[in-house]
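Have a look at the structure below, then the notes.
FYI, it's all coordinate maths here, none of it is from the lab. Keep in mind that this is a model prediction, so the values were computed, not measured. As a convention, Cβ positions derive from the backbone with ideal geometry for all residues, glycine included, and neighbour counts pool all protein chains shown.
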Amino acid sequence: MKKAMFTLLFLLVSYSFMAQETVKQREIGLVFNNLNGFGLTYKTGTNKSLWRFNTLMVSGSNMNNKSDDTTLKQSSFGFGVKIGREYRKNIVKNLELRFGADLSFLYTQAKSDYDYLAYNNQVRINEMTSYSPGVNLVFGFNYLINEKIIFGAELLPSFNYVTGTAAETLFYNNDAQEVKQDFSGFNYGLSNTSVLLSVAYRF
């Protein structure tokens with residue numbers, strides 16, 4: 001009986017210490033991919049580990065160029081989603097180490113429309129659509145500006161499978177010729193686009 005009471009007391013004390021060490025928290029903020037794309041981040045969990053949800057605008061553009069004999073219209077759009085888990089450890093005051101992993105999905109679309117005015121209004125349209133599921137590791141740091149505002153930086157070495165279609169359509173003398181091809185492959189490694197910066201509010 002005494003042994004059972006001692007064991008129960010020990011478990012209660014241990015749980016009490018663990019409860020004091022872990023604090024529930026949530027974070028919401030902005031993320032920047034190599035300063036070219038931006039998105040939103042939301043994290044929920046404790047000060048030791050959190051689930052992470054990121055949406056990232058990878059690229060978006062709409063440009064028109066015109067010369068005496070050619071008009072060029074270009075547009076592109078990219079959108080990514082990452083869901084993962086990260087763990088944190090205090091290094092010194094106001095500085096945290098964080099590490100973990102994400103599952104990711106990336107969608108990109110691009111279109112180029114060439115109108116050759118000098119060649120009886122010959123038109124050439126190039127289109128490409130790609131889909132890329134993958135996984136990435138997370139390694140980075142948080143700097144706590146104060147109790148609520150956090151600046152973060154992380155490296156995301158990744159492995160992605162890429163698949164999609166590319167098509168070229170030529171319009172000339174009321175005729176249309178289209179060439180379409182499918183593509184697929186793998187991307188992996190670490191590059192300058194694998195750096196993610198964030199500014200978040202903790203609550």
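In this label model, Ile83 and Tyr201 are separated by 2.6 nm, measuring between points 7 Å along each Cα→Cβ vector. Both radii are taken from the alpha-carbon atoms of region 47-111; with Rh as the Kirkwood radius, Rg/Rh is 1.32. Extent of region 27-198 along its three principal axes (Cα atoms, max minus min coordinate, largest first): 70, 31, 23 Å.
Once the Cα-Cα distance is subtracted from the 0.36 nm per residue extended length, the Phe151 to Lys73 segment shows a gain of 24.3 nm.
Stretched out straight at 0.36 nm per residue, the stretch from Tyr114 to Leu95 would grow longer than its current Cα-Cα span by 1.7 nm. Partners of Lys48 within straight-line reach, counting lysines whose Cα lies under 18 Å from its Cα and excluding those fewer than 8 residues away in the same chain: Lys24, Lys89, Lys93, Lys148.
Note on Phe139 and Tyr42: the model spin-label points, each 7 Å out from Cα along the C-beta direction, lie 3.0 nm apart. Sorted from greatest to least, the principal axis extents spanned by the alpha carbons of region 68-165 come out as 69, 29, 17 Å. Measuring nothing but how far apart in sequence close Cα pairs (under 8 Å, 6+ apart) lie, relative to its length, region 27-198 scores a relative contact order of 18 percent.
Which aspartates and glutamates have a Cα lying under 13 Å from the Cα of Lys66, excluding residues fewer than 8 positions away in the same chain? Result set, ordered by chain and number: Asp113, Asp115. If R0 is taken as 45 Å, the Cβ-Cβ distance between Leu30 and Gln181 corresponds to a FRET efficiency of 0.75. Here's the list of aspartates and glutamates a cross-link from Lys111 could span, going by alpha-carbon distance under 13 Å and ignoring same-chain residues fewer than 8 apart: Glu127, Glu168.
Every pair of different Cα atoms in region 141-197 enters the Kirkwood calculation, which places the hydrodynamic radius at 15.7 Å. Excluding Phe53 itself, calculate the net charge of residues whose Cβ lies under 9 Å from the Cβ of Phe53, where each Lys or Arg counts +1 and each Asp or Glu counts -1. Result for the neighbourhood of Phe53: +3.
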